[in-house]
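**Q** Mind looking over this structure? Questions follow.
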Amino acid sequence: MRYTWAWIVFFLAWGIQSGGATATDAPLRGPAAAWVKQPALPSKIGPKGEAAIQLLLQDEQLNFTPNGTEFFLETATRIQTPQGLTALGTLTLPWRPSTDTLTIHKLNIIRDGEVIDVLARQSFTVLRREQNLEYAALDGVLTAALQPEDLRVGDILNLAYTLKRNDPVLKGAIDWTLTALADLPTDHLSLRARWPRKQTPHWKASEALPGAKESRESETVELTLAQNDTQPLIQPTGAPTRFVQRREIQISDFASWAAVSSLMHPLFIRAATLTEQSPLKAEVARLRALSPDPKVQAAAALTLVQDQIRYVFLGLNDGALVPATADETWSRRFGDCKAKTALLLALLHELDITASAVLVNTVDGDGMDARLPALQHFNHVLVRATVDGKDYWLDGTRMGDRTLDRLPIPSFHWGLPLAEKGAMLIPIMPGPLDRPSVTTMVRIDASAGIRPPAPIHVESVFTGIAATGLKQQLANLMPADLQRGLKEYWRKQYDFVDVASVSATYDDAAETETLTMDGMARMDWEYNRYEIDGVGMGYKADLKRIPGPHDDAPYAVAFPTYTRNVETILLPHDGKGFRISDGANIDRTIGATQYRRQTFLTGGTFTVEATRRSLASEFPAKDAPAVQQALRDLNTNTVYVYMPRDYIATPKDIEAQLSHEPKDAGEYTSRGYALMGAQKFTEALADFDKALALDPKMVTAIADRGIAHYWMGQLELAEQDFDRGYAIDPRNAYVFQGRGLVALKREHLKEAVVAFSTSLEIDANNDFTLKYRAQAYAQMKDWDHALADLDAVLHLHPDWLDGYAHRAQIFTVMEATDQALAEARRVVEANPAAATAYITSGTIYRQLGHKDEATRMLTRSLELQPTPVAYTMRAGVRPDADQDGQKADLEAALKLDSRYLPAHQMLGALAMKADNWDAAITAYTFAIAIKPDDSNSLIERGIAYAKEQKTDLASRDFSAARAVAKSPMELNEICWSRAAAGVDLDGALADCEAALAGLPQKPSERFTSAALDSRGFVLLRLNRYDESITSYDGALKIRPDSAMSLFGRGIAHLRNGDQAAGDADIARAKAHDPDVAATFARMGIQP
């Protein structure tokens, strides 16, 4: 730390501000007065230390007389480094000519025992400028300055002077503090004060200055203290200021705080009294006419003082302690805190509002009650106004206050009201803030994708003194400078944003300053996650203290403070698969500060709100270890939004990635992965090939290329890549993941499980691998392991809604209905704010036949967020008799999205049930316009045409449906739909045969059973009962408990004359599904 005698002298000389006296405007030269006891330099000087300077002597002496106070100071300082030489290269001695006389006794350089008189060849230069003019201060201070010539490292600089001060306001009262530096080693320290015996001042030495003694000789009382080898004081780190270790002796004539109060009271009463012709009386009349409410009048008076009287500190003549009159201040239109307070008091008194001046210390008020009563402790004055029994603190030096209800209680700790008979100190401390002083709201629209720059809007709203202070700063800037300044501010706040536009707006009524910024954000999704800005909690706290005095003192807290940060991100793909990092939500009070953070992921919108609010000004030292650990823990709790591992790149993602050519194999692989996610497999393969051309042994690129081949159905090429990757790295998780996918596709289920399990040994908790291993287990009917894997994924991603549906489906197959229903409840318990979770729950309830619960869940989804999906699904679970409700839901769905395909299709289905073929044709025509290659819509419209005997149109739709069918499964659906409707049965049979013929070598048993069932039903319709029974036999061999196949075969047996076999099959069918007969009846088939 840099120490200069200029600072030391300034501090000591300005222990108190005072009024006018006989003085000089240049420093005098001469010997010290007779009352001074001449100090001697230490006879033994210790070894050179590491500090820049070594204080060898500090001698302070005070002489209190009826004519004022004389302060003598002598110092001797050894310069030990070049830095010390710079520190003492210029000496400055300030004094106020209106009250002070400065006499310089000596300035010597001592070098190797030789004393060099600097003043014999140099003189102090008097600087007559106002040093604090830039701070709106007219203090009348002059400065004597001198740069000692030929000053060298190793020299001792010896200075002595006396400052004589006379302040008429104090009327000869003693009010001073002898002060020694607390953080600089000193070889010898001597403090002395003397006063006439008839005076009885009080004195108090700080605990760091023990040993002060009072003695009496004749008519004089003397206080002395001497110490050798004083070392820097150990401060209790982080303690409130009342525990700061000081070296000082307070000396005061004031018997009580009431004496200080009564001394200053008449000064403000006189200053606040208006003359008969005062122009302020017209202002008072105007204020009174504004409203009969004294709160409104008081607020208007405060606004007048703040807005029309600019602040200028007046320290000239009596101005240091005596306020200018209200009329003088109004005429000048400037004034300091005393003048503004007097003016405000004058207005309030004229308005019959109770008000008084209150002295405060804005910096060092904590611990005021433990000090000796003295005027020197205060540096500011404000007004306490009382309206309807409530106190309000009015500060004329503030700006922008408009209503009393928004005025803060200042955190000055203590204040001294001025009263005729005096008053005692009163506490002045606010409670916790009830509104944030700063609220920052960030909105990023990343809905187009994670790669392209995202539009960002940021808004920071400042309130209270933060708002008015900012308004003042910005008002002084030219428009062009304001724009440049704001843009630079936002760039520093958000270095990942290209700032486009900025603004600053002050709302006078709300007393808020709002800064806004719009631009484009370059979001960093490295490691598949995005870190949220501005919502971090805690910090790397260090609350350890060096053992020493008051090491058990409480820790200070910035109080009152309250900040709020909100960030909203619109995510691509409606947020599907995105998740929030664990432990993001916080609600803790640590070290008298409340930390709260809540995160939400609803649909495609992520929101986080974080607040930090101090609740008290300090906390006990015994809590420090726990507070330190808790704050450090919070500091590491970062909020991330994680993208899904199987994130599918959006068109804008692809566009952004293709806009620049990758530089290395890693970038090619990354882009290829994104292209693969967007199902642009050919382009992805090209990037993987380029990556491998640069780095042939990059296993990630090899494995990703293999997976691209897998998605394209090129299983042999995929296997070749996985084998090649394995040869390079036999423990690569993605190689085994790919092998598992190929094995699963080929229905080599055990092999798939082994491969997926090996992958998970390497990359535990990979949700993609867990999902596919669960699928393999399910196809093996290993329900327990399938459920366990699905549960593991849900633990990682509670918002993976399909996982609950898959578990419910497995429980249904296991005939564990209660557990399946539990999944319907679990999904909404885990995602209570997600509308889509209630849709999933409703789907599970519908599949289990609990239509009332399904309706309730879908209704709740609509309450959270109306969607066409929920409306359409609710229409589907309504009773068939509630046609009005069904239509209303579908119309609501189409109002939200007129091109929502399932709603048009369901309207067509409702019309088909009512045999309203024209309406059905209209609905399906809309559906086909939305998706021309939808085979289901084409088939259903074809059936409607057939029912109207429009054979050509029906045939055209059936042919179109078959033409767009891309798989045996779609052909089976076409077959079944026509068979169920009883139209074009020959064509339906052909479709079923084609579906069965197109099955892979090892088809899914479930699908094979379904295709055989469809063919059996068509043959039943065609009255080809033997063939029908044969086809049903094949289906039932695969799925023996299929109610539909059993009932169909039973009908075939009955119609073929085998009553016993028919009755047996029908009975078994009803045992598995009591509604199966009704299902066949709706298709016109009955026993």
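**Q** Within the range 757-771, is there a residue that is without any contact (Cβ under 8 Å) to a residue 40 or more places away in the chain and aromatic (F, W, Y)?
**A** Checked the range 757-771: no residue is without any contact (Cβ under 8 Å) to a residue 40 or more places away in the chain and aromatic (F, W, Y).
**Q** Test each condition in (1) more than 30 Å from G400 (Cα to Cα); (2) at pLDDT below 95; (3) touching a Gly at 6+ places or on another chain (Cβ under 8 Å) for Y311 and report the one that comes out false.
**A** (1)
**Q** Against the definition (of a type in the set (A, V, I, L, M) and farther than 11 Å from L787 by Cβ), how does A808 come out, yes or no?
**A** No, not satisfied.
**Q** Filter the range 163-197 for residues that are of a type in the set (A, V, I, L, M, F, W, C) and not in a strand (DSSP E or B) and give the result.
**A** V169, L170, A173, I174, L181, A182, L184
**Q** Could you go through the range 89-97 and let me know if any residue there is within 18 Å of L223 (Cβ to Cβ) and either outside any loop (DSSP other than H, G, I, E, B) or among the aromatic types (F, W, Y) (or both).
**A** So far as the range 89-97 goes, no, none of its residues is within 18 Å of L223 (Cβ to Cβ) and either outside any loop (DSSP other than H, G, I, E, B) or among the aromatic types (F, W, Y) (or both).
**Q** Checking E459 against (1) more than 19 Å from the chain's Cα centre (by Cα); (2) surrounded by 16 or more Cβ atoms within 10 Å (Cβ to Cβ); (3) of a type in the set (D, E), only one condition comes out false. Which one?
**A** (1)
**Q** Within the range 786-821, how many residues are surrounded by fewer than 17 Cβ atoms within 10 Å (Cβ to Cβ) and without any contact (Cβ under 8 Å) to a residue 24 or more places away in the chain?
**A** Within the range 786-821, residues that are surrounded by fewer than 17 Cβ atoms within 10 Å (Cβ to Cβ) and without any contact (Cβ under 8 Å) to a residue 24 or more places away in the chain number 7.
Residues checked against (1) in contact with a Leu (Cβ under 6 Å, 6 or more places away or on another chain); (2) in the same structural domain as D991 (by TED's automatic domain parsing); (3) closer than 23 Å to D852 by Cα:
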{"residue": "Q883", "(1), (2), (3)": "no, no, yes"}
{"residue": "L890", "(1), (2), (3)": "yes, no, yes"}
{"residue": "A911", "(1), (2), (3)": "no, no, no"}
{"residue": "A914", "(1), (2), (3)": "no, no, no"}
{"residue": "I928", "(1), (2), (3)": "no, no, no"}
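**Q** Within the range 165-189, can you find the residues that are of a type in the set (G, A, S), over 12 Å from D253 (Cβ atoms) and surrounded by fewer than 20 Cβ atoms within 10 Å (Cβ to Cβ)?
**A** Answer for the range 165-189, where residues must be of a type in the set (G, A, S), over 12 Å from D253 (Cβ atoms) and surrounded by fewer than 20 Cβ atoms within 10 Å (Cβ to Cβ): just A182.
**Q** Among the residues of the range 884-920, write down those that are surrounded by 15 or more Cβ atoms within 10 Å (Cβ to Cβ) and of a type in the set (S, T, N, Q).
**A** Listed by number, the residues that qualify are Q886, Q905, N916.
**Q** If you take just the helices (runs of 4 or more DSSP H) that sit entirely in the range 581-686, which of them hold at least 3 residues that are within 29 Å of G431 (Cβ to Cβ) and touching a Leu at 6+ places or on another chain (Cβ under 8 Å)?
**A** Of the helices (runs of 4 or more DSSP H) lying wholly inside the range 581-686, those with at least 3 residues that are within 29 Å of G431 (Cβ to Cβ) and touching a Leu at 6+ places or on another chain (Cβ under 8 Å) span 624-635.
**Q** Would you point out the residue of the range 401-414, among those that are in a loop (DSSP other than H, G, I, E, B) and in contact with a strand residue (DSSP E or B) (Cβ under 9 Å, 6 or more places away or on another chain), that is surrounded by the fewest Cβ atoms within 10 Å (Cβ to Cβ)?
**A** So the residue we want is I409.
**Q** Identify all residues within the range 946-963 that are surrounded by fewer than 23 Cβ atoms within 10 Å (Cβ to Cβ) and either over 18 Å from A995 (Cβ atoms) or among the hydrophobic types (A, V, I, L, M, F, W, C) (or both); write none if there are none.
**A** Passing the criteria: A946, K947, E948, Q949, K950, T951, D952, L953, S955, R956, A960, A963.
**Q** Of the residues that sit in the range 577-596 and are more than 30 Å from A239 (Cα to Cα) and of a type in the set (G, A, S), which one is surrounded by the fewest Cβ atoms within 10 Å (Cβ to Cβ)?
**A** Here the residue is G583.
**Q** Follow-up. Could you please give the count of residues in the range 759-774 that are part of a helix (DSSP H, G or I) and surrounded by fewer than 19 Cβ atoms within 10 Å (Cβ to Cβ)?
**A** 3
**Q** Which residue pairs have Cβ atoms under 7 Å apart, sit 6 or more places apart or on different chains, and have a first residue in the range 825-853 that is more than 14 Å from L601 (Cα to Cα) and not assigned by TED's automatic domain parsing to the domain that holds V1076 and a second that is surrounded by 17 or more Cβ atoms within 10 Å (Cβ to Cβ) and among the charged types (D, E, K, R)?
**A** So the pair list comes out as Y838/R860; I844/E823; Y845/E853.
**Q** Limited to the range 87-99, what total is found for residues that are out of contact with any Leu (no Cβ under 7 Å at 6 or more places or on another chain) and either free of Cβ contacts under 8 Å to residues at least 60 places away in the same chain or among the aliphatic types (A, V, I, L, M) (or both)?
**A** So the answer is 1.
**Q** Among the candidates D364, D336, D391, D369, which residue alone is charged (D, E, K, R), modelled with pLDDT under 95 and surrounded by fewer than 18 Cβ atoms within 10 Å (Cβ to Cβ)?
**A** Answer to the check: D364.
**Q** Next question. Checking the structure you have, find out if any residue of the range 632-640 is over 23 Å from Q493 (Cβ atoms) and surrounded by fewer than 17 Cβ atoms within 10 Å (Cβ to Cβ).
**A** Yes; the residues of the range 632-640 include at least one that is over 23 Å from Q493 (Cβ atoms) and surrounded by fewer than 17 Cβ atoms within 10 Å (Cβ to Cβ).
**Q** Residues R398, R384: which one is assigned to a loop (DSSP other than H, G, I, E, B) and either in contact with a Lys or Arg (Cβ under 7 Å, 6 or more places away or on another chain) or surrounded by fewer than 23 Cβ atoms within 10 Å (Cβ to Cβ) (or both)?
**A** Step by step, each of R398, R384 is checked, and only R398 is assigned to a loop (DSSP other than H, G, I, E, B) and either in contact with a Lys or Arg (Cβ under 7 Å, 6 or more places away or on another chain) or surrounded by fewer than 23 Cβ atoms within 10 Å (Cβ to Cβ) (or both).
**Q** Identify, from the list G469, G464, G400, G449, the residue that is in contact with a Ser or Thr (Cβ under 8 Å, 6 or more places away or on another chain) and under 30 Å from L267 (Cβ atoms).
**A** G400
**Q** Tell me which residues, restricted to the range 1033-1079, are among the hydrophobic types (A, V, I, L, M, F, W, C) and more than 30 Å from Q779 (Cβ to Cβ).
**A** Once the filter is applied, which keeps residues that are among the hydrophobic types (A, V, I, L, M, F, W, C) and more than 30 Å from Q779 (Cβ to Cβ), the range 1033-1079 yields I1051, A1052, L1054, A1060, A1061, A1064, I1066, A1067, A1077, A1078.
**Q** Quick check: is even one residue across the range 870-883 surrounded by fewer than 20 Cβ atoms within 10 Å (Cβ to Cβ) and touching a residue at least 40 places away in the same chain (Cβ under 8 Å)?
**A** No, the range 870-883 contains no residue that is surrounded by fewer than 20 Cβ atoms within 10 Å (Cβ to Cβ) and touching a residue at least 40 places away in the same chain (Cβ under 8 Å).
**Q** Which is of a type in the set (A, V, I, L, M) and farther than 25 Å from A320 by Cβ, of L62, L73, L91, L107?
**A** L107
**Q** Exactly one condition in (1) closer than 30 Å to E618 by Cβ; (2) in contact (Cβ under 8 Å) with a residue 12 or more places away in the chain; (3) out of contact with any Asp or Glu (no Cβ under 8 Å at 6 or more places or on another chain); (4) in a loop (DSSP other than H, G, I, E, B) is not met by P236; state its number.
**A** With respect to (1) closer than 30 Å to E618 by Cβ; (2) in contact (Cβ under 8 Å) with a residue 12 or more places away in the chain; (3) out of contact with any Asp or Glu (no Cβ under 8 Å at 6 or more places or on another chain); (4) in a loop (DSSP other than H, G, I, E, B), P236 is out only on (3).
The values are calculated or read from the model by the stated rules, or taken from the named source; none is laboratory data. Predicted, not measured: the structure shown is a model, and the values here were computed from it. In this analysis, Cβ positions are derived from the backbone assuming ideal geometry, glycine residues included, and neighbour counts consider all displayed protein chains.
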